[in-house]
Every structure is written in C-alpha cells, then in structure tokens.
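Here is the structure we will look at.
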Amino acid sequence: MIPDNIISIKEYAFYRCRGLSSLTLSKNLESIEQYAFCACNKLETLEIPNGVKKIGNRSFSRLYNLKTLTIPSSLSIMEGYPFVDDNALTSIKVDDGNEYYDSRSNCNALIRKDGDVLIQGCVNTVIPNGVNAIGEYSFYGCPIKSLNIPEGVKKISYSAFSLCVDLVSVNIPSSVTSIIGNTF
C-alpha cells in the first residue's frame, strides 16, 4: 500500500519489482512518472485512484499478468505508451466522467477523445464506430486472433499490431488511407 501522504511516484520507483502482486495506490496521488511500475509482472488488476492527473510513458508497461485496468475521471495526461505490452489485458474501463478518455460502448479499449484515437486495446476489444485512428503500439503483443476495423477508421499507426503472433484475420475497411510501417 502506498501511503496517503504520497502525491507523486517518480520514474523507475518500482521498476522490475517482479514480486509485487498487489497494489493499492495513495488516495492523494496526482502523478505517476515514466517506468514507475514497469515490469512488475505479478500485478493482475490496476485501479488508478481518482485524483491522478498524469501517467508517464511506460509507467505500467510489461505487466504480463495484468487483466483489468480502470482509469479514473481525473486522468487528463497520458505520456507515450503507459500500458504497452500488457498482453494479458481482458478488461479496460474508463470512468464515464473523464473528459479526455473513454471506453465507449463497453468496447474494452482506451480511446483518446481528442481525435478519437484508440490508444490501448486488449484481447476483448471491439473497436467502436467513431474511432478515427488506431494508435501506435495500441495492440502490441496482444493475443488477438481476429479483428474487425469499422468503416470510418482512417489511419493505422506504427506498431499498432506488432508482435500479435496469434493474429490471423483483420478486416481493413476502405476508409483506411494510411497504414504506417511496422504495423503488423
């Protein structure tokens, strides 16, 4: 348990704490810096408390057992790719009150409202209508087998599906006009 007097967790604070299997964050926490919990492989659930405004690049990446992710209404800044290579994810939820991110229609994805960009997906993601782009590293290493990209998506970004070794079928609609390198 992170004590309630902690308002910021600095970069690399718990990097590679491979024995860390449970995490209760401070209710007064405001920021989590880059790589703070990277490679804490035993974590299975992550509920970021309301009050956290910023999450740094790769702060929760390489959590190979993380199954559920909950984003609070207070989160307004996500730098880089905070959840890249969390390939066990099955559930992604964003509080309905969040002004910057959502998981509309219970899609099991993290979508940045500005630009309607899907920035984090999981094995159970259903890409909803209204998404304009699939972001960089959004499904990196995900064990998805097939994916239907809906009409309206215009761009599939760099490494969006890299290391998706189980992927055998992708439906790409005619609305897609740009597929960036290393996508698959």
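The sole residue among Ile71, Ile77, Ile134, Ile32 that is over 22 Å from Tyr12 (Cα atoms) and touching a strand residue (DSSP E or B) at 6+ places or on another chain (Cβ under 6 Å) is Ile134.
With respect to (1) surrounded by fewer than 16 Cβ atoms within 10 Å (Cβ to Cβ); (2) part of a loop (DSSP other than H, G, I, E, B), the lone exception for Ser26 is condition (1).
I'd like the residue in segment 97-112 that is in contact with a strand residue (DSSP E or B) (Cβ under 8 Å, 6 or more places away or on another chain) and within 11 Å of Ser73 (Cα to Cα) and, out of all such residues, is most open to solvent (accessible area, probe 1.4 Å). Across segment 97-112, the extreme among qualifying residues is Tyr100. Exactly one residue out of Pro128, Pro143 is in contact with a Cys (Cβ under 8 Å, 6 or more places away or on another chain), without any contact (Cβ under 8 Å) to a residue 40 or more places away in the chain and under 26 Å from Tyr64 (Cα atoms), and it is Pro128.
Got a number for residues in segment 60-116 being among the basic types (Lys, Arg) and not in a strand (DSSP E or B)?
Total meeting the criteria: 4.
When restricted to residues that are closer than 17 Å to Ala88 by Cβ and either modelled with pLDDT under 95 or open to solvent by 10 Å² or more (accessible area, probe 1.4 Å) (or both), segment 53-62 contains 2. Restricting segment 29-41 to residues that are polar (S, T, N, Q) and part of a loop (DSSP other than H, G, I, E, B), which is surrounded by the fewest Cβ atoms within 10 Å (Cβ to Cβ)? It comes out as Asn41. Can you pull out every residue in segment 1-47 that is out of contact with any Lys or Arg (no Cβ under 9 Å at 6 or more places or on another chain) and aromatic (Phe, Trp, Tyr)? Of everything in segment 1-47, those that are out of contact with any Lys or Arg (no Cβ under 9 Å at 6 or more places or on another chain) and aromatic (Phe, Trp, Tyr) turn out to be Tyr12, Phe14, Tyr15, Phe37. Filtering Glu79, Glu44 for residues that are within 27 Å of Leu163 (Cα to Cα), open to solvent by 70 Å² or more (accessible area, probe 1.4 Å) and at pLDDT 95 or above leaves a single hit, Glu79. Filtering segment 145-184 to residues that are over 15 Å from Val84 (Cα atoms) and open to solvent by less than 20 Å² (accessible area, probe 1.4 Å) leaves Leu147, Ile149, Pro150, Val153, Ile156, Pro173.
Each residue in segment 77-96 was checked for being hydrophobic (A, V, I, L, M, F, W, C), within 11 Å of the chain's Cα centre (by Cα) and farther than 13 Å from Cys38 by Cα, and 4 pass.
The values are calculated or read from the model by the stated rules, or taken from the named source; none is laboratory data. Please read these numbers as outputs of a predicted model, since none were measured by experiment. FYI the Cβ positions are ideal-geometry reconstructions off the backbone, even for glycines, and counts take in every protein chain you see. Remember, those area values only see protein heavy atoms, side chains included, never the ligands or the DNA or RNA. Shrake-Rupley method; radii C 1.70, N 1.55, O 1.52, S 1.80 Å.
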